[in-house]
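Report on the structure given below.
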Amino acid sequence: MLRVIITGASSGIGATLAQLYARRGATLGLIARRKAALDELAGLLPVTVETYGADVRDAAAMRAAALHFLDHHGTPDIVIANAGVSIGTLTEFAEDLDAFQEVMDINVVGMVKSFQPFLMPMRTAGRGALVGIASVAGYRGLPGAAAYSASKAAAISYLESLRVELRSSGIKVITICPGYITTPMTAKNPYPMPFILSAEVAARKITGIIERGKLFSVIPWQMAVVARLLRLLPNFLYDWVFSRAPRKPRR
């Protein structure tokens, strides 16, 4: 029986992934700060579900959740580090320093703390997949979203390092970079979001990528083309275009 851990599972992509894996009969370990929302979701799923009210920034809480799942259900087959936040930030404002710290701690270090307790058991088992949800925002720096872009660029590099470290271990490290997804995170964006996907469609694509074992993917494919083109733009042209782009509001 498939065993799946998902962080950030109380809403958005995480909750939708939980629903999809439940339809396949998986045993689930769902982690998020909002324990009540997790329990409500678990009550709707016709499978064994463990819920853990834990913040991915809290290494002790993440380890306790992992040890409980390992003791009761064994080594997971898939660990999806999905928890993330997006906050508009500007470096010139001292009050945004806390927002920078929060975004980096959750989106990058939180991913490390999500994987770490499971890594040794998975290495011992010689199997499994560690899946990191990054973003196309990590391809180039977006104005007004310096913290988010930096965190996702760091996540992409971290996952690449981990993939190389675990080569030949039997553990796959999968990097997934979504574009815009209809979630509470994007609901506050005051600008057009091209090629936006519903959480259901995005989750189906993500589970398909994991099943195929593809190590790096951008979804949807149209956004992959856009991301590659943006990387090719010379700095002067990128700066001219995106200095005029709308920005995510600061918190």
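The values are calculated or read from the model by the stated rules, or taken from the named source; none is laboratory data. Here the structure is a predicted model, which means the values were calculated and not measured. Heads up, the Cβs are rebuilt from the backbone with ideal geometry, glycines too, and the neighbour counts pull from every protein chain shown.
Observations
- Matching option when the condition is more than 20 Å from the chain's Cα centre (by Cα) and not hydroxyl-bearing (Ser, Thr, Tyr), among Val79, Val47, Val85, Val56: Val47
- Condition met for Gly53 (touching a Gly at 6+ places or on another chain (Cβ under 6 Å) and small (Gly, Ala, Ser)): no
- In the set (1) under 30 Å from Val226 (Cα atoms); (2) assigned to a helix (DSSP H, G or I); (3) touching a Ser or Thr at 6+ places or on another chain (Cβ under 6 Å), Cys177 fails one condition alone, (2).
- For Tyr180: the one exception among (1) under 20 Å from Ala15 (Cβ atoms); (2) among the aromatic types (Phe, Trp, Tyr); (3) at pLDDT 95 or above: (3)
- Scanning segment 213-229 for residues that are part of a helix (DSSP H, G or I) and under 22 Å from the mean Cα position of the chain (by Cα) yields Trp221, Gln222, Met223, Ala224, Val225, Val226, Ala227, Arg228.
- Some residue of segment 160-169 being surrounded by 15 or more Cβ atoms within 10 Å (Cβ to Cβ), in a helix (DSSP H, G or I) and touching a helix residue (DSSP H, G or I) at 6+ places or on another chain (Cβ under 9 Å): yes
- Pairs are defined by a Cβ separation below 7 Å, a sequence spacing of at least 6 or placement on different chains, a first member in segment 72-93 that is hydroxyl-bearing (Ser, Thr, Tyr), and a second member that is assigned to a loop (DSSP other than H, G, I, E, B) and at pLDDT below 95; the pairs so defined are Ser86/Met185; Ser86/Lys248.
- Residue count, segment 42-75 (criterion: hydrophobic (A, V, I, L, M, F, W, C), out of contact with any Phe, Trp or Tyr (no Cβ under 7 Å at 6 or more places or on another chain) and within 14 Å of Ala32 (Cβ to Cβ)): 6
- Assessment of segment 145-156 against the conditions (free of Cβ contacts under 8 Å to residues at least 40 places away in the same chain, buried (at least 17 other Cβ atoms within 10 Å of the Cβ) and of a type in the set (Gly, Ala, Ser)) yields at least one matching residue.
- Residues in segment 32-60 that are in contact (Cβ under 8 Å) with a residue 12 or more places away in the chain and of a type in the set (Asp, Glu): Asp39, Glu50, Asp55, Asp58.
- Candidate set: segment 23-40, residues that are among the aliphatic types (A, V, I, L, M) and assigned to a helix (DSSP H, G or I); chosen: the one surrounded by the fewest Cβ atoms within 10 Å (Cβ to Cβ): Ala36
- Scanning segment 170-195 for residues that are closer than 21 Å to Val109 by Cα and either exposed (fewer than 15 other Cβ atoms within 10 Å of the Cβ) or among the β-branched types (Val, Ile, Thr) (or both) gives Ile171, Val173, Ile174, Thr175, Ile176.
- Restricting Gly84, Gly53, Gly43, Gly74 to those that are surrounded by fewer than 18 Cβ atoms within 10 Å (Cβ to Cβ), of a type in the set (Gly, Ala, Ser) and closer than 13 Å to Ala9 by Cβ reduces the list to Gly53.
- Segment 96-114 residues that are at negative phi and of a type outside the set (A, V, I, L, M, F, W, C), paired with ones that are in a helix (DSSP H, G or I) and surrounded by fewer than 23 Cβ atoms within 10 Å (Cβ to Cβ) (beta carbon under 7 Å, 6 or more apart): Lys113/Ala59
- Scanning segment 56-71 for residues that are of a type outside the set (Phe, Trp, Tyr) and crowded, with 20+ Cβ neighbours inside 10 Å yields Val56, Met62, Ala65, Ala66.
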